[in-house]
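None of the figures in this text is laboratory data; all of them are computed from the coordinates on show. The structure displayed is predicted, hence computed values, not measured ones. Cβ placement follows ideal geometry from the backbone for every residue including glycine, while neighbour counts extend to all protein chains displayed.
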Amino acid sequence: MTAETKTIRRIATEEAFSIPEVSAALRGVCHEPGNSLDLPLLRRIYDAAGDKHAQPELLTLLLDLEETRLQDMDANGVDMHLLSLTAPGVQMFDADTACELATLANDRLAEVIRRHPTRFAGLASFAPHAPKRAVKEMERAIRTLKLNGFMVNSHTGNDYLDHPRFFPILEAAEALDACIYIHPRAPSDGLAAPFREYGLDSAQWGYGIEVSTHAVRMLVSGLFDRFPKLKICIGHMGEGVHFWSWRLDFMNKRAQMRGAAPKLKLAPSEYFKRNFVITTSGQESHLALDYSIKALGVENVLWAIDYPYQSSAPAVAFMDSAPVSAADREKLYHGNAEHVFHIQAASARGAD
Ligand code: 1DF
Ligand code: MN
């Protein structure tokens, strides 16, 4: 660390946790019949006895909030984790179980934040497949629990957020001025076939294709004309979406002209700049960071680790050594997160 980076406030924005009740329910999902592409990863984490590539240590780290995690944060100069219930959240449970477990996870999240208000903030979960109850929980999470936004793990029952059944959720997020973080899960059933080999199901490739497809569906669907103030966050340096900006805009115009896509007020890339922010979770490339800042503006890029799936030290080293100005590093490390997720600025809080 240099003198510049030693005292900088670091807020990591895609940091995963779980609670025993959700973890037990996910173990149950591992034993259900079906061919969901989320199962290989779930089995490695939650059904360790049945998998020769098991990673049970991940579960220990996910369930821990106040011991190893705080030590890891202290050791690496990480001030705050913006916590979220790890993927796939509650979205693989039946609607009743999903509502119940989302409420429980949000309550636990609010409790740990109350105990450590300078170390943790949190994104609330809800059950997208029960939109009416989801809206109630969203309102409770922001107004009563004072959480900082929402986490949705991509598709729900193979539907994406451009599906009108989810509009009440988007309307609520916009009205609450609360950002929805769209985190990956494995590609939906219709997208899954080519991802079943070579370990492509999850973070290597499938996660990015799933979320970039989700984001593009939202961008070209017209929903940002309906919900112009809706804020969406995606990780992994924007899942590659802005690399395609020129071609997406050009080809979307053609699709509009032949009547295949709805007419939009703005080009897809303009909605991406206006309505999305991205994080650096698990994508520690200075080249990709530089491109992202140039394409989207530094205000739209937030730092993340993706703990415990990625290690803190290299994520900190990546951002400490990024070739950006001191002012931009402050934005990337905490200023943008404070703004987007309504996290109190350290200066407003006083020294501690
Ligand atoms: C992995 C990666 C797992 C990410 C995650 O949650 C996750 C992984 C289950 O590498 O197994 O959130 N990620 O965001 O890249
Ligand atoms: Mn993640």
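Data for the structure
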| quantity | calculated |
| --- | --- |
| Dipole of segment 180-260, positive direction: furthest Cα of Y198, G235, M257, with charges on the beta-carbon | M257 |
| Contour excess over end-to-end distance, with Cα ends at D159 and D51 and 0.36 nm allotted per residue | 35.9 nm |
| Cα-Cα pairs of segment 134-212 separated by more than 19 Å (percent) | 44 percent |
| Cα-centred dipole magnitude for the chain, charges only on beta-carbon of K, R (+1) and D, E (-1), debye, nearest 20 | 1180 debye |
| Cross-link reach list, lysines versus K294, counting only Cα pairs under 17 Å and skipping chain neighbours closer than eight places | K273, K331 |
| Rg/Rh for segment 1-133, where both radii come from Cα atoms and Rh is the Kirkwood radius | 1.02 |
| Taking N as its residue count, the alpha carbon Rg of segment 205-275 over 2.2 N^0.38 Å | 1.06 |
| Volume in Å³ per residue [convex hull over Cα atoms, computed for the chain] | 135 Å³ |
| Tensor-based shape of segment 258-310 (alpha-carbon gyration tensor, a/c under 1.5 rounded, otherwise prolate or oblate) | prolate |
| Residue among M251, M237, M80 with the largest mean-square fluctuation in a Gaussian network model of the chain, springs linking Cα atoms under 10 Å | M251 |
| Karplus-derived HN-Hα couplings along segment 17-23 (A = 6.51, B = -1.76, C = 1.60, θ = phi - 60°), whole Hz, x at Gly and Pro | 9, 9, 10, x, 5, 6, 4 |
| Cα-based Rg of segment 203-352 normalised by 2.2 N^0.38 Å, two decimals | 1.13 |
